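What follows is calculated from the coordinates using simple rules that are stated; it is not laboratory data. The structure presented is a predicted model; accordingly, all values stated were derived computationally and were not measured. Neighbour counts run over all protein chains shown; Cβ positions are idealised from the backbone, glycine included.
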Amino acid sequence: MTNDKDSPPADPGNYDAYFTSKENDLRWYREMLRIRRFEEMAARSYTRGKISGFLHLYIGQEAIAVATKEVLEPQDRVVSTYRTHGFAIALGSSPGACMAEMYGKATGLVAGVGGSMHFFDRDNQLWGGYAIIGNHVPVATGHAFASKYLGDDGVTFCFLGDGALAIGPTHEGWTLAGLWKLPIVFVVENNRYSMGTPLERSIPVSDVTVKAPGYNMASDRFRVTSVAETAERLAAAAKLAREESRPVLVELITYRFRGHSMSDPAKYRNRDEVAESRSWDPLERTYNALMHKHGMTEEALEELDDEVVAEMEAAVEFAENSPVPEPSARFKNILVEES
Amino acid sequence: MPEIQIRHAIRDAMREEMTRDDRVFLMGEEVGHYKGAYKCSEGLLEEFGERRVIDTPIAETGFAGVGIGAAMAGLRPIIEFMTFNFSAVAFDQILNNAAKIHHMTNGQHSVPMVFRGPNAGAHMLGSTHSQAFEPFYAHIPGLIVVAVATPYDAKGLLKTAIRDPNPVIFLESELMYGVKGEVPEEEYLIPFGVADTKRAGDDVTVITWGQGVPVALKAAELAAEQGIECDVIDLRTLRPLDMESVLESVRRTNRAIVLFHGWPYGGVGCEIIAQIQEKAFDHLDAPVLRVCYEDVPMPYAENLENLVLPTPERGLAAIREVSYAR
Ligand SMILES: Cc1ncc(C[n+]2csc(CCOP(=O)(O)OP(=O)(O)O)c2C)c(N)n1
Ligand SMILES: [Mg+2]
């Protein structure tokens, strides 16, 4: 695999390299927009006190979830963190059920017991939803172990933040995946911060993929600027994992446009840095490509936006009108009850 | 006396001890540049610099262990867990190193350090972020376990903890960092193993600590409206346990409840009740009851969480029950 250093295409306004057919670009744009509008409405509901607990938004990183959906086979799995809404929406979870989960409603993805941090939707290949940093890495490795054991040809995509690179379970999961040659793609979503801590104060190296050889992993590293490129390179990683049964490490350089959570004003980042990152926003770039490369009109794109907003407003309405869990629900699912 | 928040009492205790003793340092996630996830270390980085206020990556086993090793070599670490839920990652270090080293080296080494941070459920954080860890740590010989509920206690006990030659688990509360109270300007220390009566009464003993204290006080207030006067005992230290104060009160009231944030099964409440029945059986007029979490993982949904948590109303019901005031 290639190992590009942090070298994005020279010009954010260059749409040739990684924008493809109008059909693809439009579909991906819509999916990214669905996530962004969903997140904006979640933020609004949080501000209005309808959502509580922690709320970590995926705004800025949407292309990753959309690209993942693009390369997923039906037998594959996605394991992620507490910043999962984007994956749920991209993988096909109902926005209403996602929103209702955060409202703590009975109709939520996990019936209101998990909230924003614990999205699980097995039917749509989303296997979590974990919020103790790094503790999902061995678990995801176990999913890959099961795939190899059963010979089901499945690949597990395990997403982790840059903040999960220092913690023990990551090292242990990677070690076992490398040792046992498991079909798993570890995707580090390097948005450059773990809470207020920049990467350079988290790990002793700046290129995460230098770790890969120590676990006998292949690796790739690039800046996320479009769904097309991200999907292409994730697909290559998945192919290696699937066909050669070996772990692959992919470092995605990305950015969260908002604070760590709703309670974080993100004062530790300067304006220039945020602006520079925004200029690479895959959503914004795809919008521009649709206009300038594919000749779509502003009106057509606005219409699409209205549709997406209507879908997400319906999700909010669904959440608001849903019932809270029955009181007895708190005693459910503590142990498996044989029926 | 000035009124300050618990977070500032904690900060002031750390600042005074760091000023007094160069060996004391603070280490943990976001403690420096971010000033603490709950702003308990505001100003410390500016005052003491990066040598002594040390931001760590997310690596609980690592920095807990580094704290232990540094303590053995003569330093006085304060290790902050962003919340005690994350101390689970470092459990081996605390259980098998911090608590054992003095014993297993036949006293060649000691581990003078503090592990501190918020403990127990906050508001709608779900099952992995709402856990009370005192039963895990109070179970272990070789540790001291403290839980604080007022600025006065937080400051006095944290200073004691920092100076103590043993590893101390120091439990705070995310919900209570903003609670205000009087703190003297002159220096003071509060010894371990001394409970504090937060409200006096002769009818029912209410034993509590940490985040349970405001709930117990509110329950006692409700009981008083119904003519039942409660002795509310804030244990403040869970290991060692001030059973003398508890027994003195129970011998007087003949009735007791234990109210706390945490699961009922095998918890600190059980230990207290076991000791009461061992040492004051003849004085009891009613079984001792527990008011605490229901025996379930904490659900996120607000209506469910409210049912699981100990509330003043549930406290009142238990107070009435042991008073046979049904
Ligand atoms: C073991 C553990 N320690 C601390 C935390 C608190 N915490 C939650 S998210 C976070 C930052 C994680 O950053 P990163 O992995 O980069 O993911 P991002 O938030 O950027 O998506 C921290 C410190 C935790 N959840 N688990
Ligand atoms: Mg990050």
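Compactness check for region B:199-324: Cα Rg over 2.2 N^0.38 Å is 0.99.
Along the axis of the charge dipole computed for the protein assembly as shown (Cβ charges of +1 for Lys and Arg, -1 for Asp and Glu, origin at the Cα centre), the listed residues B:Ala219, A:His136, B:Leu235 are led at the positive end by B:Leu235.
In region A:6-121, taking the dipole from charged Cβ atoms about the Cα centre, the farthest positive-side position among A:Phe38, A:Gly108, A:Ser94 is held by A:Gly108. Remark: region A:219-232, residue by residue, has Karplus-estimated 3J(HN,Hα) of 8, 8, 7, 6, 8, 7, 10, 7, 5, 4, 5, 4, 5, 4 Hz, where x stands for each Gly or Pro and the curve is 6.51 cos²θ - 1.76 cosθ + 1.60 at θ = phi - 60°.
The mean of 1/r over all pairs of different alpha-carbon atoms in region A:63-210, once inverted, gives a Kirkwood hydrodynamic radius of 15.7 Å.
Its Kirkwood hydrodynamic radius, worked out from the mean inverse distance over all distinct Cα pairs, puts region B:253-321 at 12.9 Å. Shape descriptor for chain A: Rg over Rh equals 0.96 (Cα atoms; Rh from the Kirkwood inverse mean 1/r). For B:Thr205, the residues whose amide H sits under 5 Å from its own are B:Asp231, B:Arg255, B:Ala256, B:Ile257, ignoring neighbours fewer than 5 places away on the same chain, with H placed 1.01 Å from N.
Charging the Cβ of each Asp and Glu at -1 and of each Lys and Arg at +1, and nothing else, the dipole of region B:196-322 about its Cα centre rounds to 140 debye. The tail of the calculated P(r) for region A:145-227 beyond 15 Å holds 62 percent of all Cα-Cα pairs. For region B:3-182, the convex hull spanned by the alpha carbon atoms encloses 100 Å³ per residue. Here the convex hull built on the C-alpha positions of region A:99-143 has a volume of 66 cubic angstrom per residue. Evaluating kT/(6 pi eta Rh) at 10 °C and 1.306 mPa s, with the Kirkwood radius of chain B over Cα pairs in the Stokes-Einstein relation, gives 79 µm² s⁻¹.
Annotation for region A:239-303 versus region B:118-147: alpha-carbon center distance of 39 Å. Using bins of 20 Å that start at zero, the share of Cα-Cα pairs per bin across the protein assembly as shown amounts to 18, 47, 29, 6, 0, in whole %. One Cα centroid belongs to region A:29-65, the other to region A:74-137; the line between them spans 13 Å.
Pairs of Cα atoms in region A:250-339 fall into 5 Å distance bins, from 0 up to the last occupied one, in shares of 3, 9, 10, 11, 12, 14, 14, 9, 7, 6, 4, 1 percent.
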